[in-house]
Structure formats: C-alpha cells, structure tokens
1. Just a yes or no: is a residue in the stretch 140-159 among the charged types (D, E, K, R), surrounded by 21 or more Cβ atoms within 10 Å (Cβ to Cβ) and closer than 22 Å to Ala99 by Cβ?
2. Of the numbered conditions (1) surrounded by fewer than 19 Cβ atoms within 10 Å (Cβ to Cβ); (2) more than 16 Å from Ile209 (Cα to Cα); (3) within 16 Å of ligand 2 (Cβ to nearest atom), Thr54 satisfies every one except a single condition; which is it?
3. Give the stretch 30-51 a look and list any residue that's in contact with an Asp or Glu (Cβ under 7 Å, 6 or more places away or on another chain) and within 13 Å of ligand 2 (Cβ to nearest atom), or say none.
4. Check Arg225, Arg201, Arg195, Arg164 and return the single one that is assigned by TED's automatic domain parsing to the domain that holds Val112 and among the basic types (Lys, Arg).
5. Which condition breaks for Val110 when tested against (1) within 16 Å of ligand 1 (Cβ to nearest atom); (2) of a type outside the set (Asp, Glu); (3) touching a helix residue (DSSP H, G or I) at 6+ places or on another chain (Cβ under 6 Å)?
6. Is there a residue being free of Cβ contacts under 8 Å to residues at least 40 places away in the same chain and more than 16 Å from ligand 1 (Cβ to nearest atom) anywhere in the stretch 169-177?
7. Look at the stretch 42-60 and say how many of its residues are within 13 Å of ligand 1 (Cβ to nearest atom) and under 14 Å from the mean Cα position of the chain (by Cα).
8. Can you tell me which residues in the stretch 138-153 are out of contact with any Ser or Thr (no Cβ under 6 Å at 6 or more places or on another chain), of a type outside the set (Asp, Glu) and touching a residue at least 24 places away in the same chain (Cβ under 8 Å)?
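The values are calculated or read from the model by the stated rules, or taken from the named source; none is laboratory data. This structure is a prediction, so every number in the text was calculated from the model and none was measured. Positions of Cβ are generated from backbone atoms using ideal geometry, with glycine treated the same way; all protein chains shown enter the neighbour counts.
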Amino acid sequence: MSNTASQSAKSDFILQTVGLTKEFKGFAAVQDVNLNVQRGHIHALIGPNGAGKTTVFNLLTKFLQPTRGTITFNGIDISREEPAQIARRGVIRSFQISATFPHLTVLENVRVALQRKVGNSFHFWKSEKTLNSLNDRAVELLESVDLGEYVNTVTAEMPYGRKRALEIATTLALDPELMLLDEPTQGMGHEDVDRVAELIRKVSKSRTILMVEHNLSVVETLCDRITVLQRGQILAEGPYAVVSKDPRVLEAYVGVEA
Ligand SMILES: Nc1ncnc2c1ncn2[C@@H]1O[C@H](COP(=O)(O)OP(=O)(O)O)[C@@H](O)[C@H]1O
Ligand SMILES: [Mg+2]
C-alpha cells in the first residue's frame, strides 16, 4: 500500500483502541489490544472461550472501565464516557440494550426502542400523531428484517429463530452507526443461521458492524476483516483467507478442540 493510501485508510477507522487493557484483580482478561475497525466493514472478533471477546465488548460499550488504554470513536476519545453517552453517539450493542419484553407484541417492542431513541419527555407522548408515526416507523423496521407477518404477535410466542431478527430491529431503532453483535447466531439451526447472516449483511449496508461469532463459515462469508484474540491479546488480524491459514490461529483452535 502506498503512503497516501495507508493514510486515507487510517482516517477511515470508525473505532480504534490503543493499549486497551482490563485487569480483574491482577489478571489481565484483555491486554494491550490495538483494534482498528474500518468504517463500513463487517469486522469479526473471534477466539477460543475465555479469550476476552465479551470483555472487549463490555469495554467498548463502557459497561466496564478499562484499566489502561484508550478507545476512540469517530476520532473522539470515549475512554471515560458513560454507557448512555456512547449509545447516543451511535455505538449500540445488540442483545443487551435491546433485550426484548416477552409479553409485549413484536410491534410494541420496536416502539419502545424508538421511544428510547427519541427521548423520555412525558408530554411528548400525549400526541397521537407522534404515536402513529412511531407505529409507521416500527412497521417499516419490522418489514426490513422480514418480520412483517409477526407485527401483532406476542413476542414470547414467536419462533426462537426469529427473535434475533427482532433484537436486530430494536437495535436498528436506535439508529446505530456502529453495531456490536455478541454471537448473533448462537444456539440456532442451519436455516436460522443463514437467515440471520443474510440479515446482518443487509443491515450492514449503511453502517459498521463488529461481531463476535463462533460459526467460522458465517465469519468467512460475512466478514471483511477478522481479529483473533487469545488469552486477552491479539494473535492475528486480517482477511479470513489469511488469518484462517495462520499456523498460530490453527494451533489456538486445535488446542482448544483437542
Ligand atoms: N468480572 C470478571 N471478573 C473476573 N474475571 C473475569 C470477569 N469477566 C471475565 N473474566 C475472565 O476474563 C477472561 C475473558 O473472559 P471473556 O471476555 O468472557 O471471554 P470470551 O468472551 O472470549 O469467552 C476469562 O478468563 C474470564 O474468566
Ligand atoms: Mg463471550
């Protein structure tokens, strides 16, 4: 890569960490991680169990404070910000913020998320016009994740494999610029895995996605760039074709499987 090319690529990192470290009573769950996520990419974070993937996510969304290191989002140092501030900036983690309410309908769940995005002003919600426009937007979001037929279904009664699509819809309601997905295909059968992978590809069109994913065939087909964590540190980083042939990566995975 030429010098100019590498510089313009650099300015297009939406998220960067430098020396990111989290210690629990002296044990480094995440150690000196320099993560660079390029805008518009689907970036995967993989690694054996206990590698520190979830801890990285918790640091990025500020559910944990780093012991050391910095996190930059769109060029702004967010290392010391609160979870709500990060969310307002457009860093949204699915399956955490978007936990759905089982007794509400699918539509109501998305509407709650939309209300959260707009704010909590009480008087604001007195307007019927506002509520109607929220309904319209909620239906639109549900159709975009292929849940149009479930709009009036009570969430608890929806098939398990479709709940992730609803979680993605409630996350989209918050209009994320960077969407963090922690194991989006976990516990799913083939058909649902394919459907969720397709959905992630679709919603990635206008945003950046950083995802933890165990299913390597999903990673291979979906992700532009892969970071492999092992024992809290980055073991390898690059496109799937390169990373998957890296002897250290193979060893890390075989070591776990054996
Ligand atoms: N709150 C905590 N207190 C102590 N140790 C923790 C805590 N959270 C995670 N760990 C440890 O940090 C390491 C990384 O965990 P985690 O981030 O959950 O890994 P992964 O998501 O890659 O499986 C593990 O050894 C785990 O036991
Ligand atoms: Mg985890």
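1. Here is the first cut: in the stretch 140-159, the residues among the charged types (D, E, K, R) are 140, 143, 146, 149, 157.
Then keep just the ones that are surrounded by 21 or more Cβ atoms within 10 Å (Cβ to Cβ); that gives none.
For the stretch 140-159, residues among the charged types (D, E, K, R), surrounded by 21 or more Cβ atoms within 10 Å (Cβ to Cβ) and closer than 22 Å to Ala99 by Cβ: absent.
2. (2)
3. Answer for the stretch 30-51, where residues must be in contact with an Asp or Glu (Cβ under 7 Å, 6 or more places away or on another chain) and within 13 Å of ligand 2 (Cβ to nearest atom): just Ile46.
4. Working: Arg225 fails: assigned by TED's automatic domain parsing to the domain that holds Val112; Arg201 fails: assigned by TED's automatic domain parsing to the domain that holds Val112; Arg195 fails: assigned by TED's automatic domain parsing to the domain that holds Val112.
Being assigned by TED's automatic domain parsing to the domain that holds Val112 and among the basic types (Lys, Arg) holds for just one of Arg225, Arg201, Arg195, Arg164, which is Arg164.
5. Failed condition: (1).
6. First pass over the stretch 169-177, keeping only residues free of Cβ contacts under 8 Å to residues at least 40 places away in the same chain: 172.
Now narrow it down to the ones that are more than 16 Å from ligand 1 (Cβ to nearest atom): 172.
For the stretch 169-177, residues free of Cβ contacts under 8 Å to residues at least 40 places away in the same chain and more than 16 Å from ligand 1 (Cβ to nearest atom): present.
7. The first filter runs over the stretch 42-60 and keeps only residues within 13 Å of ligand 1 (Cβ to nearest atom), leaving 44-60.
Narrowing the set further to residues that are under 14 Å from the mean Cα position of the chain (by Cα) leaves 44-46, 53-60.
Of the residues in that region, 11 qualify.
8. Pass one, the stretch 138-153, residues out of contact with any Ser or Thr (no Cβ under 6 Å at 6 or more places or on another chain): 138-151, 153.
Now drop any that are not of a type outside the set (Asp, Glu), which leaves 138-139, 141-142, 144-145, 147-148, 150-151, 153.
Selection gives Ala138, Val139, Leu141, Leu142, Ser144, Val145, Leu147, Tyr150, Val151, Thr153.
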